[in-house]
Amino acid sequence: MKVRTPSGTRDMRSVWWEGGRLCLIEQRLLPRTLKVVRLSTVEKAAKAIEDMAVRGAPAIGAAAAYGLALAKPGKLGEAAERLARTRPTARDLFRAIEYVKAAVKGGASPLDAADEYVETVVEACKRIGENGADLIDNGYKILTHCNAGALATVDYGTALAPMRVAKSRKKRFFVFADETRPRLQGAALTAWELVNEGIDHAVIADNAAGFFMANGEIDLVITGADRITRNGDAANKIGTYEKAVLAHENSIPFYIAAPMTTFDLSLECGDEIPIEERSEDEVLELGGKRVAAKGARARNPGFDVTPERYVSGYITEFGILKARDIAKLG
Ligand code: MRU
């Protein structure tokens, strides 16, 4: 991804391995500060995932893969268990752990396995961009939710990848980025990526999407996903479901962009997806300051499930799939 710094534009990934350590962009400090943290223990890698210094389904998979490369000799199983306890919803996290464990069993080193896993994911996202770019016509206004960009995926993004490719093909289009309460991934992260890429956009309050849809100002919705089941139901950041219902109501195509590592063919439907519930404070506070009355309580599910009937198609590295194609993948 392109990152603008005071000393010029540089190309960066959100997660990588360097000098024997897991390196990642500390996403909680963006957009104010671009800081790289370098982690040398499994526990630190697990904490970074749990506390969302790194977030986004493919990116936490990559961090877990490299996290396993930090395990002490003979401690890979223990490390895998710790990393698997960090966040429950994104399939990619578990896929990455399974991949590295299987490769090590087959004789690979954990680091080689992690590198291979990460490169596969980066390549998949690149292809998602190429496969999805044709959905974007000149003049389109596109809505996206949360951050499904390079920050969330190591590079390119899922939902943002077709936009990057469309931009490189000189298409004219405009992006509406939902702010995405409670953690504001849209305002803080998606807008930062769009600024860096020079893509025209506006951040909107989560509650504003229906207004723009009803006024004919949105032509297409593209979001990412954290886990997609055999029937095509898809868990993604809380608020995605209501955007899908609104898109349906307003006859607007709603696409989900995701690599194969997000698909969970062991689950029949969305009811089976474990949904993370995070701290009440994320809802009761804004920017670290309490906004709700003292004594007020909150509920904070991190994800919701969009039923497949609202999804026009799944933009993957293998092309744009329909829900009925998913079960045939394996
Ligand atoms: O809680 P987060 O920020 O990890 O949630 C991220 C999302 O819901 C993204 O939309 C999803 O992981 C797709 S990322 C390519």
Worksheet item: DSSP loop trypsin sites (Lys or Arg not before Pro) in the range 282-330 with at most 12 other Cβ atoms within 10 Å of their Cβ, which ones?
Response: LYS294, ARG297, ARG299, LYS322
Worksheet item: In the structure shown, do any of LYS35/LYS171; LYS44/LYS75; LYS243/LYS328; LYS47/LYS101 have a Cα-Cα gap over 23 Å, and if so which?
Response: LYS35/LYS171; LYS243/LYS328
Worksheet item: Can you tell which of LYS44, LYS35, LYS170 shows the greatest fluctuation in a Gaussian network model of the chain with Cα springs below 10 Å?
Response: LYS170
Worksheet item: Accessible surface of HIS248 in the full protein assembly, 1.4 angstrom probe, to the nearest 10 Å²?
Response: 110 Å²
Worksheet item: What aspartates and glutamates sit close enough to LYS72 to cross-link, taking a C-alpha to C-alpha distance under 15 Å and skipping anything fewer than 8 places away on the same chain?
Response: GLU43, GLU81
Worksheet item: According to a simple spin-label model (label point 7 Å from Cα along Cα-to-Cβ), what is the distance in nm between GLU217 and ALA108?
Response: 4.7 nm
Worksheet item: For the range 10-159, what are the per-bin percents of Cα-Cα distances with bins 10 Å wide, up to the bin holding the maximum?
Response: 12, 42, 31, 11, 3, 0
Worksheet entry | Local electrostatic count, GLU130, Cβ distance below 12 Å [Lys/Arg +1, Asp/Glu -1] | +1
Fill in: Accessible area of the chain divided out per residue, in Å², using a probe of 1.4 angstrom
43 Å²
Worksheet entry | Descending semi-axes in whole angstrom, ellipsoid equivalent of the range 134-329, from the Cα gyration tensor | 25, 22, 15
Response to the item:
Expressed in nanometres to one decimal, the distance between label points 7 Å along Cα→Cβ at PHE174 and GLU116 is 4.8 nm
Worksheet entry | Volume of the Cα convex hull of the chain, divided per residue and given in Å³ | 133 Å³
Worksheet item: What FRET efficiency, computed as 1/(1 + (r/R0)^6) with R0 = 25 Å and r the Cβ-Cβ distance, is obtained for ASP325 and VAL245, rounded to the nearest 0.05?
Response: 0.60
Discussion item. Please compute the modelled spin-label separation between ARG299 and ALA202, points set 7 Å along Cα→Cβ, answer in nm with one decimal.
Written reply: 3.2 nm
Discussion item. Cβ neighbours within 10 Å, averaged per peptide: list 265-277, 171-183 in order, most packed at the top.
Written reply: 171-183, 265-277
Fill in: Tail beyond 15 Å, pair distance distribution of the range 285-330 (Cα, percent)
66 percent
Worksheet, complete the sentence: Full extension between GLU43 and LEU29 adds, at 0.36 nm per residue less the Cα distance, a length in nm of 3.0 nm
Practice prompt. Multiply the residue gap between PHE318 and ASN231 by 0.36 nm, knock off their C-alpha separation, and tell me the result in nm, one decimal place.
Written response: 29.6 nm
Discussion item. Between the range 219-280 and the range 110-138, what is the separation of their alpha carbon centroids in Å?
Written reply: 19 Å
Practice prompt. Report the full-extension gain for the segment ALA84 to ASP134: residue separation times 0.36 nm, less the Cα-Cα distance, to one decimal in nm.
Written response: 14.3 nm
Practice prompt. Within 10 Å, count the other beta carbons around each residue, average over each peptide in 147-159, 67-79, and list them highest first.
Written response: 147-159, 67-79
Worksheet item: Just how far, in whole angstrom, is the range 185-217 from the range 64-109 if you go by their alpha carbon centroids?
Response: 35 Å
Practice prompt. Assuming a ≥ b ≥ c are the square roots of the Cα gyration tensor eigenvalues, decide whether the range 192-248 counts as rounded (a/c under 1.5), prolate (otherwise, with a/b larger than b/c) or oblate.
Written response: oblate
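The values are calculated or read from the model by the stated rules, or taken from the named source; none is laboratory data. Keep in mind it's a predicted model, so treat the numbers as computed, not measured. Don't worry about glycine lacking a Cβ; one is built from the backbone with ideal geometry, like all the others, and counts go over all protein chains shown. Just the protein is used for accessible areas: all its heavy atoms, side chains included, with ligands, DNA and RNA removed. Shrake-Rupley method; radii C 1.70, N 1.55, O 1.52, S 1.80 Å.
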